[in-house]
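What follows is a set of notes on a single structure, which appears directly below.
The values are calculated or read from the model by the stated rules, or taken from the named source; none is laboratory data. Small disclaimer: the values here were computed from a predicted structure and weren't measured. Cβ placement follows ideal geometry from the backbone for every residue including glycine, while neighbour counts extend to all protein chains displayed. All accessible areas refer to the heavy atoms of the entire protein, side chains included, with ligands and DNA or RNA removed. Shrake-Rupley method; radii C 1.70, N 1.55, O 1.52, S 1.80 Å.
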Amino acid sequence: MFNILVTDDEQIVIDSLSFIINKNFAEETRVFTALSGTEAIETVMKENIDIIFMDINMPGLSGLETVSVITKLKPNIVFVILSAFDRFQYAQEAINLGAYKYITKPVNRNVVIETIRGAMQLVQEKQGKLSADMELHKKLDLVSPMVENDFIYACIYNNDKSLDLSSYLEYFNLTDNQWVFCCFEFPNINSDNQYSTYLKIHELLNTEHRCLVSSFMMNRIAVFFPIYSENPDYAEVQEQIKRYYSMLCYNVTAGIRAGVSSLFSDKTLLQASYSEALSALNKTDINGGLLFSGEEHASSIVKKSNSVEFKNQIMNKLANGDSGGVRSFLELFFTELISSETPLDKIKNSVFELIVTANNATRELNKSFNSSTFDNAFASLSEQTNIKLIKEFAQKFLLECTEAVVGIRKSEENPIIKKVCSFVEQNLSCDISLENAAEYAGVSSFYLSKLFKEEKGETFINYVTDKRLEKSRQLLAETDSSIKEITANVGYNDQNYYSRIFKTKYGVSPKEYRKSNLGLKEKSENE
């Protein structure tokens with residue numbers, strides 16, 4: 001049994017953390033709470049505390065001062081520092097005091113779960129039950145994306161040549177590594193999807209190779225790509241970058257432009273290496289490509305059809321438990337296959353591949369998921385010749401998958417987010433703002449904004465927009481309401497603005513969508 005103390009001067013933070021801990025570690029932990037540093041010290045003196053979540057900014061005794069005092073009293077306690085500030089100096093000071101992790105508020109459920117598991121292991125290691133982890137991995141786990149971003153911005157905009165970046169490199173434990181800089185340009189990036197896209201890119205790249213990723217600069221991201229081998233072969237590095245480029249094209253979007261610098265080792269040339277990568281990117285084809293510094297032509301790329309794009313969107317929506325989004329992109333998926341005059345056999349193959357992918361993804365999220373629809377999928381599709389029935393079969397299975405994911409998501413969802421999402425669903429035709437949603441949930445708009453990004457992987461405004469557009473898509477497909485009426489029903493006053501963002505999301509205007517959906521129905525009924 002692990003005793004965990006949550007210390008914060010905001011009760012809402014204590015409640016959120018306590019909910020997450022009790023939901024995921026009920027049989028392994030006991031949770032204690034404190035609203036001040038003084039109260040935390042009193043609790044530590046009374047109870048055998050193993051792990052402490054400590055807010056950095058509290059009235060009276062600050063979080064770091066409290067950590068310093070408790071460390072002298074109980075040196076084996078594992079500390080996790082909480083802060084609304086993503087800044088290098090705070091993280092550095094926390095590390096110097098021996099903190100295990102430095103995470104920002106509002107807390108992300110998955111980050112908290114991962115942090116607690118790591119902290120439990122560290123507690124056991126301190127007790128001599130497990131061997132120590134590699135120091136490099138522990139240190140890297142402390143690095144927040146904001147610190148990565150600060151470092152890369154310093155590399156790019158370092159006009160003061162006297163500015164020493166060695167403290168960053170020491171912090172990342174990269175003082176002896178060679179590196180390449182990569183610049184990626186992503187099409188169709190805007191303020192609504194920047195953050196969620198950045199999170200996905202950061203996760204994809206770091207799953208394969210630990211690297212430092214900047215936030216978006218307009219529609220571009222810079223990546224500091226350290227080389228961990230002692231005598232790297234640049235040709236091997238190029239092959240590695242090509243694999244990551246293909247992975248981003250498949251999982252994020254087609255048409256990415258990318259430039260990569262040559263291999264560098266002199267830390268005074270960080271800005272020069274970024275400039276090389278940027279120069280290479282600017283030489284790539286406007287429709288996408290990957291170019292290494294010194295090459296004349298971009299590496300050839302295989303462009304994905306819209307049907308593959310729509311398949312990826314289906315999988316993204318399924319993973320989020322978004323049934324409306326699944327329906328929307330499934331219809332676009334079939335429309336694309338039919339409009340491109342894909343033979344029936346190939347349509348069935350594409351649908352079966354989609355079903356298999358969806359089944360695998362669902363089982364990763366919900367281990368108990370089993371479906372008789374999937375068990376009979378191959379036989380059912382083989383016998384079917386009517387496209388409408390093929391689509392209905394696929395939709396039935398995908399909605400089964402989505403429902404299974406929703407069941408898992410609901411059991412894990414933060415109660416504040418659940419309350420806000422319900423509020424949005426019930427008020428799509430009204431004027432919904434972050435402020436009135438925050439007031440409804442009983443939290444500050446700043447807190448809700450950060451919490452929403454952490455929990456949902458997208459901004460609150462982007463979430464509301466998606467819900468409105470999905471509702472409008474349903475009305476376009478299932479009712480005879482005019483586009484003007486639908487515009488008002490989903491909370492927009494300007495029909496032109498609504499049409500523009502609809503086309504941005506779905507690739508067609510509302511009129512074109514309604515027409516193609518009608519054409520799909522007529523063709524299906526005639527077969």
*asked:* How would region 346-473 be classified by its alpha-carbon gyration tensor: rounded, prolate or oblate, with rounded meaning a/c under 1.5 and the a/b versus b/c comparison settling the rest?
replied: prolate
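Quantify, in whole percent, the carbon and sulfur part of the accessible surface of the chain (1.4 Å probe; protein heavy atoms only).
Details: 11990 of 25140 Å².
Within the chain, the accessible surface is 48 percent carbon and sulfur.
S166 to M1: FRET efficiency via 1/(1 + (r/R0)^6), r the Cβ-Cβ distance, R0 35 Å, to the nearest 0.05? Display every interim value, and only then the final one.
Values: r = 44 Å, r/R0 = 1.25.
Efficiency computed from Cβ-Cβ geometry: 0.20.
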*asked:* Could you tell me the extents of region 1-57's C-alpha atoms along the three principal axes, largest first, rounded to whole Å?
replied: 28, 25, 13
_region 16-91: Cα Rg divided by the 2.2 N^0.38 Å rule of thumb_ = 1.11
*On full extension of the chain, what length is gained from L204 through I408, given 0.36 nm per residue of separation minus the C-alpha to C-alpha distance?*
71.2 nm
*In degrees between 0 and 90, to the nearest 10, how far off the longest principal axis of the chain does helix 323-339 point, with axes built from Cα atoms?*
50 degrees
_What do you get for the angle between helix 63-73 and the principal long axis of the chain? Use alpha-carbon atoms, 0 to 90 degrees, nearest ten._
50 degrees
*For Cα extents along the principal axes in Å, several values are listed as [x] 79, 55, 47; [y] 114, 65, 35; [z] 69, 53, 49; flag the one computed from this structure.*
[x]
*Given 10 Å bins starting at zero, what is the percent of C-alpha pairs of region 333-417 in each, up to the one with the largest pair distance?*
16, 44, 25, 12, 3
*How high is the FRET efficiency between Q124 and K367 when r is their beta carbon distance and R₀ equals 30 Å, given to the nearest 0.05?*
0.70
*Any idea what angle helix 344-365 forms with the longest principal axis of the chain, computed on alpha-carbon atoms, 0 to 90 degrees, nearest 10?*
20 degrees
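Before I look further, what does the chain give for accessible area per residue, probe 1.4 Å, in whole square angstrom? Walk me through the intermediate numbers first.
Working: 25140 Å² over 527 residues.
Result: 48 Å² of accessible area for each residue.
Which whole-number value in Å³ per residue fits the convex hull of the alpha carbons of region 261-398? List each step's numbers first, then the result.
Details: hull volume 23.2 nm³, N = 138.
It is 168 Å³ per residue.
Residue separation times 0.36 nm, minus the C-alpha to C-alpha distance between S509 and L344: what's the value?
Gain on stretching S509 to L344: 56.7 nm.
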